[in-house]
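Inspection log for the structure reproduced underneath, given as structure tokens.
The values are calculated or read from the model by the stated rules, or taken from the named source; none is laboratory data. Here the structure is a predicted model, which means the values were calculated and not measured. Here the Cβ is made from the backbone with ideal geometry for all residues, glycine too, and neighbour counts use every protein chain on show. When the accessible area is computed, the model is the full protein with side chains, heavy atoms only, and any ligands, DNA or RNA have been set aside. Shrake-Rupley method; radii C 1.70, N 1.55, O 1.52, S 1.80 Å.
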Amino acid sequence: MMSTKKSRILNFFNTRLGFFFLVVILFCVKTYIIYQTKFTLGAKGGMQQFLLVVNPIPAALLTLGIALYFSGRLSYWLMMLIDFLESIWIFANIVYYREFSDFLSMGIIKGSGKVQNNLGKSLMEIIHFTDFFVFLDILILILLLVFKVIRIDAKPFKKRYALLISGLSLILMVGEYGLANSDRSGLLTRTFDNNYIVKYLGLNEYAAFNAYQTHKESATRSHAKASDMDSILKYLKNNRAAANPEYFGKEKGKNVFIIHLESFQQFLINYKVDGKEVTPHLNAFYKNKHTLSFDNFYHQVAQGKTSDAEMMLENSLYGLPQGSAMVTYGGQNTFQAAPAILDQRGYTTAAFHGDVPSFWNRDSTYKSWGYQYFFSSQYYKTKPSYNVGYGMKDKIFFRDAANYIQQLPQPFYAKLITLTNHYPYLLDKQNTDFPATKTGDKTVDPYVQTAHYLDQAFAEFLNYLKKTGLYKNSVIVLYGDHYGISNNHRPAIAQLLHKKSINSYDLAQFQKVPFMIHAAGLKGGIRQTYGGEIDVLPTLLHLLGIKDNNTIQFGTDLLSKQHDQRVAFRDGDFVTPKYTKVGSTVYLTRSGKEITPNATQKKQIANIQNHVTTELSLSDRVIYGDLLRFYTPKGFQKVNRKDFTYQYAKGMDNLKKAQEEHPTSIEAKNNGKSTMDLYKTDAPELK
Ligand code: GP9
Ligand code: MN
């Protein structure tokens, strides 16, 4: 019995189709093992696990299936060749991933000089013996053929069947994409993270998508010319706002904290649930007499969400109408970002975030922006209980970040990106001590609870800053990156705002996020000035005494007398102190009344629209054409990405050296002793 069964299987493998399936199966099994052992794709839940198992199949059928169009021996050796080429691609990705926690992209391969510089030196150290496992199946197959355990089937293979297999592979690919997109909508349009694309679609699909993107990108790039800058410079010259002498340079030389309040909306400020303030500490900070607060400040993000906010905040360039500029252009383009500007003025620059470094392509983009350090999740000790959703819980994150902050030579520029107040607003019981709202909308109701947690986390961090003296010698900037409750939740939003119903005007105003700047001695107050994320960089730079005479920044200083109060939304809608425009409807901003514009109003509105559209498209042109490579403002040095690495061991090494060279950190000033005993947190996980 056994032996007939065995020989039947063997007989099957002795056919062309049988051998083909054997190759495909081995290839898929090996790919899956590599997914699990060589990459950290973070597949969570049944659907993602399932897709991880099946995602190599369609591409394997398609690529290896090419061999089926050829006859005899050639067909077999072609299968081996294709398998080999595929395996080299996997191998190269394993090695690259080890160093950069990302996958190879066409852009990187094209500029392979760069890769060699980064990789070449220690290639032998980077390759692990087990990496060669990717070639094991090919070796086995070749041996089976050579020793005639499996015989070559010389009978012609029907073209029809070959076509059928190719067709099937394409159908499977589409089906797989459908499933992936239902689990993660916007997978390819919003392009979050290359890890996501591999996890959901597979390495080949990632390569194809990446090649397409790179092609698109390089086409616009190669068409762009230095003279394209002319119209942009002209526009900016006409739209610059002079610094306000009352504020210019007032905070020169101070440390800067940029605290990114995830998904935090302005309406939360002073908001109460059951008579209790959601964010008492942020409210106090907001009202502090040394805090400049803005209550007509809007987020301006599109699909790139957090990454759009980061792009605006640190470059004063808009995010793109589609996808994420950080993902598509962050690694390739030239930038003149806040970290680079401050680095060139003696600042230490560091970003902190409790998610993996690859998300939003931060690990690559931050190099282009000139960040010296990126303390991502790799830098923090972790336990499963320390994480929720995308990554570290805010209280633990802030505490662990402080441990690195105390080591940064001063002055420093530190950006901390929080995470817990992120959709779907998950938090365990032990951290929840605030009542949820009662709109009945399950995604909306816990929002105030994670916001409350964020408030507590911020308070703990602020306390530490006070105890170490950092509070006094730092500018502390707080901002909400974008909405937490999307427009799909109208009935719940209406209840939250204590309104019967809400219209487009209300939704536009609902896009307000907090923006605050605190510094000891700063003349604060709550300002009604209209503005948005695009305006942060010029405002901050002026406070630090850095003039923006010739920089490419689309925002204007919120404190300037000439500040431009026309706030552009990414879709071309806008808010100004007078008008709020949503689609084709115009409202008076003050009253919320919808108007049918008269002749003068029409003209004013058309003017604003023209301004908004021009500004957005000029900003896009800078990014699409990589125009900053043609233009370096006076006093600025082009960033060299090769100067930076965020690998843990190297990062720690650099930090140590920096401290020896410039013993100006908090820790150094504390005679080299840690200040962490001053950090008090009630995070239950740490008890
Ligand atoms: C992930 C985090 C979330 O690292 O920044 O990004 P978002 O979903 O808010 O754009
Ligand atoms: Mn966000």
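Brief remarks follow.
- Largest first, the three principal axis extents of the alpha carbons in region 157-300 are 82, 56, 26 Å in whole numbers.
- Student exercise, the chain dipole from Lys, Arg, Asp, Glu Cβ charges, in Debye to nearest 20: 600 debye
- The residues of region 2-220 have, on average, 51 Å² of accessible surface per residue, using a 1.4 Å probe with all protein chains present.
- Compactness check for the chain: Cα Rg over 2.2 N^0.38 Å is 1.06.
- Cα-centred dipole magnitude for region 454-592, charges only on beta-carbon of K, R (+1) and D, E (-1), debye, nearest 20: 440 debye
- Table column - 3J(HN,Hα) (Hz), region 485-490, Karplus curve with 6.51, -1.76, 1.60, x for Gly and Pro: 10, 7, 5, 6, 10, 3
- The chain - percent of accessible surface contributed by carbon and sulfur, probe 1.4 Å: 59 percent
- Annotation: Cα Rg of region 346-387 relative to the compact-globule expectation 2.2 N^0.38 Å equals 1.26.
- Stokes-Einstein D (µm²/s) once Rh is taken as the Kirkwood radius of region 490-564 over alpha-carbon pairs, at 10 °C in 1.306 mPa s: 107 µm²/s
- Each distinct pair of alpha carbons in region 618-687 adds a 1/r term; the inverse of their mean, the Kirkwood radius, is 16.8 Å.
- Convex hull volume of the C-alpha atoms in region 296-448, normalised per residue: 144 Å³.
- Once the Cα gyration tensor of region 2-220 is diagonalised, semi-axes √(5λ) in Å: 31, 21, 17
- Cβ-based charge dipole, region 2-220, positive-most Cα from TYR35, LEU104, THR4: THR4
- Over all pairs of different C-alpha atoms in region 374-492, the reciprocal of the mean inverse distance, the Kirkwood hydrodynamic radius, equals 15.8 Å.
- Computed on region 423-486, the Cα convex hull volume stands at 95 Å³ per residue.
- Each listed q (0.23 Å⁻¹) maps to a log10 I(q)/I(0) for region 259-310 from the Debye sum over equal C-alpha point scatterers, namely -0.99.
- Where the alpha-carbon atoms of region 222-365 are placed on the principal axes, they occupy 59, 40, 30 Å, in descending order.
- Other-chain or far-sequence residues with amide H under 5 Å of SER263's (modelled H): ASP481, HIS482
- Summary of the geometry: region 578-609 and region 610-687, compared by the centres of their Cα atoms, lie 41 Å apart.
- With the charge dipole of the chain set up from +1 on Lys and Arg Cβ and -1 on Asp and Glu Cβ about the Cα centre, the Cα lying farthest toward the positive end among the listed residues ILE25, PHE630, GLN332 is that of ILE25.
- Beta bridges by DSSP in the chain, antiparallel share as percent, to the nearest 5: 45 percent
- Applied to region 662-677, the Karplus parametrisation 6.51 cos²θ - 1.76 cosθ + 1.60 on θ = phi - 60° returns per-residue 3J(HN,Hα) values of 10, x, 10, 6, 4, 5, 4, 5, 9, 6, x, 8, 5, 9, 5, 5 Hz, with x for Gly and Pro.
- Note on region 2-220: with charges restricted to the Cβ of Lys and Arg (+1) and Asp and Glu (-1), its dipole about the Cα centre is near 840 debye.
- Selected from TYR380, THR437, THR613, residue furthest toward positive end of dipole (the chain; charges at beta carbon): THR613
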